[in-house]
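S.K.: Please find one structure pasted underneath; my questions will follow.
The values are calculated or read from the model by the stated rules, or taken from the named source; none is laboratory data. Just so we're clear, the structure is a prediction, and the values are computed from it rather than from any experiment. Cβ: placed from backbone, ideal geometry, glycine included. Neighbour counts: every protein chain shown. These area figures cover heavy atoms from the full protein model, side chains too; ligands, DNA and RNA do not enter into them. Shrake-Rupley method; radii C 1.70, N 1.55, O 1.52, S 1.80 Å.
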Amino acid sequence: MEQEHKRRVRYKGTHPRSFQEKYKELNPEKYQADVARIIQSGKTPAGMHISIMVEEILEVLQIQPGQTGLDATLGYGGHTRRMLEQLRGQGHIYATDVDPIESEKTRRRLEEAGFGPEILTIRRMNFARLDEVAPGEKFDFILADLGVSSMQIDDPSRGFTFKADGPLDLRLDPTCGVTAAQRLRELDEEELAAMLVENADEPYAAPIAKTVMGVFRRGGAIETTRALSSVIEEALSFLPPRERKEAVKKSCQRTFQALRIDVNSEFEALYSFLEKLPGVLKSGGRVAVLTFHSGEDRLVKQAFRQYYREGIYRDICQDVVRPSAEECFRNPRAKSTKLRWAIRA
């Protein structure tokens, strides 16, 4: 039976605006030239994720054919693919991710590229459980990229961005746990202010928390990304007009970050990962960790230094590694990235 031809969804104007309308970017394999032009202009195509500091990571991990490794944060699979290529068909990589939507897309993408289950095993689990990924196995190399993937940020239905309206969700695994909207209703003013400071160093934590609670006291609701960004704008209305726009933008970024960290228990997961890490590395095994804000970087730095002093790591990076200016132009989302590494004794 001949398959019915379906026309693509038409959009108003000359360029697609909504996430769903960006059919070329959402099908990068088919429209490679168009996607390449978007990347060259310094933008990240919708629904894609441009891997950060790939060459620096490969230099740190020094992957050899026949080794066994772990990508603790699979995401779009860009880092995973480059690491698989280093194995030259010999060895194995395990990968973990909690996102059931994106991890399945990535599995199919990598399998179509020739990296099937004989060389790649993907497990849907939090990297905090890295000791359960391959019981009894110790790894030659491990990578953890702690950033949220661009696919998650760009899709309004996931609620990760205030730039488009969508449900205030922010869960990496949308099948379990409470949404950010639910979490806001569980907190009191003092707890919310403390969370904004601890998770994002938010300088206007007190007025934001007070305004959020004021909405709830009046019987209102904050169920969408735009609703929350509007509340933040209201909370910062005392600022001079010339400062307000940029301040609101940055406070929105920090508030969404703080909520995402809380909803997904990201700091607790990172604590567990760093604690278990030496136990799953072979002697001489290497680990690289990419962080994207000061709280994460502080935890990684402290753990690496502590284990180095105790003789568990034989070497660690003394200075954080940053992406080049050229990479930051090609991929603006790389600007806040920090790379730290360690080698098991």
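S.K.: Quick query: amide H of A95 versus all other amide H atoms, modeled in the peptide plane; which residues come in under 5 Å with a sequence gap of 5 or more or a different chain?
M.R.: So A95 has HN proximity to D71, T121, I122, R123.
S.K.: Principal axis lengths of region 55-197 from Cα atoms, whole Å, largest first?
M.R.: Extents along the principal axes, in whole Å: 54, 29, 28.
S.K.: So what does the Cα-only Debye profile of region 232-345 read at q = 0.14 Å⁻¹, as log10 I(q)/I(0), no solvent term?
M.R.: -0.73
S.K.: In Å and on Cα atoms, what radius of gyration and Dmax does region 71-150 show?
M.R.: When restricted to Cα atoms, region 71-150 yields Rg and Dmax of 11.6, 34 Å.
S.K.: Here's something else I'd like to know. Return the sequence-ordered ³J(HN,Hα) values of region 201-217 in whole Hz as given by the Karplus equation 6.51 cos²θ - 1.76 cosθ + 1.60 applied to θ = phi - 60°, using x for Gly and Pro.
M.R.: Running phi through 6.51 cos²θ - 1.76 cosθ + 1.60 with θ = phi - 60° gives 6, 6, x, 9, 4, 5, x, 5, 4, 5, 6, 4, 5, x, 4, 5, 5 Hz.
S.K.: Here's another thing I want to ask about it. Leaving out ligands and nucleic acids, note down the accessible area per residue over region 229-294 with a 1.4 angstrom probe, in whole Å². Could you put the intermediate results ahead of the total?
M.R.: Numbers: 2870 Å² over 66 residues.
That works out to 43 Å² per residue.
S.K.: Determine ³J(HN,Hα), in whole Hz, for all residues of region 74-88 in sequence, where each value follows from phi through the Karplus function 6.51 cos²θ - 1.76 cosθ + 1.60 and θ = phi - 60°; x replaces Gly and Pro.
M.R.: Working through the residues one at a time gives 4, x, 6, x, x, 4, 4, 4, 5, 5, 4, 4, 5, 6, 6 Hz.
S.K.: When the distances between all Cα atoms of region 152-286 are binned every 10 Å from zero, what whole-number percent does each bin get?
M.R.: With 10 Å bins starting at 0, P(r) equals 12, 40, 29, 11, 6, 1.
S.K.: Set the bar at 18 Å for Cα to Cα. Now go through K276/K338; K105/K163; K138/K276; K250/K338 and name every pair that lies beyond it.
M.R.: On the way: K276/K338 21 Å; K105/K163 24 Å; K138/K276 12 Å; K250/K338 20 Å.
Long pairs (Cα-Cα over 18 Å): K276/K338; K105/K163; K250/K338.
S.K.: Could I ask something else about it? What share of all Cα pairs of region 123-178, in percent, falls into each consecutive 10 Å distance bin?
M.R.: Computed distribution, short to long bins: 19, 39, 26, 14, 2.
S.K.: Sticking with this structure for a sec: For E275, put the label point 7 Å out on the Cα→Cβ axis and report which residues of region 120-139 keep their amide N under 18 Å from it.
M.R.: Those under the cut-off are 126-133.
S.K.: If you don't mind, there's one more thing I want to ask. What is the log10 of I(q)/I(0) for region 164-216, computed with the Debye formula using one identical point scatterer on each Cα and no solvent, at q = 0.18, 0.23 Å⁻¹?
M.R.: Log10 I(q)/I(0), no solvent term: -0.65, -0.96.
S.K.: If you don't mind, there's one more thing I want to ask. For region 206-293, compute the orientation-averaged projected area of the C-alpha convex hull (one quarter of its surface), in nm². Please report the intermediate quantities before stating the final value.
M.R.: Numbers: hull surface 32.3 nm².
One quarter of the hull surface, i.e. the mean projection, equals 8.1 nm².
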